[in-house]
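Worksheet: the structure to be examined is printed underneath.
Read-outs: derived from the displayed coordinates by stated rules, not from any lab. Worth saying up front: this structure is predicted, and the values here are computed from it rather than measured. Quick reminder, even Gly has a Cβ in these numbers, built from the backbone with ideal geometry, and neighbours come from all protein chains shown.
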């Protein structure tokens, strides 16, 4: 059993192997994107594929997908039946199909399914426009994934606006699938692919009540943990790169 409100300097498969079934309320994360031509984008150390450690973004598509599916099979096991996975995954210009291929394999090889897609509108676009035909991206997608047998009854925090007295039909306040949030927290780190605690807090507001236990298998510099702290939720994180792990610990110590 892993200690609550802790980050572990290890592969996420190791962390999850020590979790009992149905432990966590959900996952908020952003995995490596396997951008190929830029090995410093998400991870910095040399890969050991035999240990399923993708520290650089130069895997073959098959290797990358095999690693992600192993993780999703563990997500399936450790997330509660009515839990939610918020999976922020962008695409590369070299392989824009990769997120869709992954989602298809998740559906076919696990008991998880996609139920919603949230568009995260950043405060500034990235990267700079150098392509004559492809668009600069100011939006990234967050894929909302749940257990197939709970696809209509998974947890959410949507507030009721009114109830029809005759039929008992509930009507909810309007929650759209567009979230506007900063690109990042301006925390100084060499890790390039980061998101903002503002984004994570808004996802928590939609899906996770106070006291929820949220896991981030790629916690990087600790942004998900910071958001959990701010929203009175509990967290567990995994970060395989020691430098990023130490950054996250330093960052969290400043909150206490």
Q) With axes computed from alpha carbons, what is the tilt in degrees of helix 242-253 against the longest principal axis of the chain, rounded to the nearest 10 within 0 to 90? A) 40 degrees
Q.
With 10 angstrom as the radius, rank 146, 115, 101, 153 by how many other C-beta atoms surround their C-beta, starting from the fewest.
A. 153, 101, 115, 146
Q | More than 30 Å apart - percent of Cα-Cα pairs taken over the range 6-253 | A | 24 percent
Q | Cα-based helix-to-principal-axis angle, 98-109 vs the chain, degrees rounded to 10 | A | 60 degrees
Q.
Only bridges whose two residues both fall in the chain count here: according to DSSP, what percent of them are antiparallel, nearest 5?
A. 50 percent
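Classify the range 90-134 as rounded, prolate or oblate, taking a ≥ b ≥ c as the square roots of the eigenvalues of its Cα gyration tensor: rounded when a/c is under 1.5, otherwise prolate if a/b is larger than b/c and oblate if not.
Numbers: a/c = 4.34, a/b = 1.84, b/c = 2.37.
Cα axes put the range 90-134 in the oblate bin.
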(Q) Could you order the peptides 193-199, 14-20 from most to least packed, using the average number of other C-beta atoms within 10 Å per residue? (A) 193-199, 14-20
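For a footprinting-style exposure proxy, rank 172, 245 by other Cβ within 10 Å, fewest first. Walk me through the intermediate numbers first.
Working: 172 11, 245 21.
So the residues, fewest neighbours to most, are 172, 245.
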Q: Round to the nearest 10 and give me the degree value, 0 to 90, for the angle of helix 197-207's Cα axis relative to the longest principal axis of the chain.
A: 40 degrees
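Kindly put 216, 82 in sequence by how many other C-beta atoms sit within 10 Å of each C-beta, fewest to most. Before the final figure, lay out the partial values.
Values: 216 26, 82 16.
Listing 216, 82 from fewest to most nearby Cβ atoms yields 82, 216.
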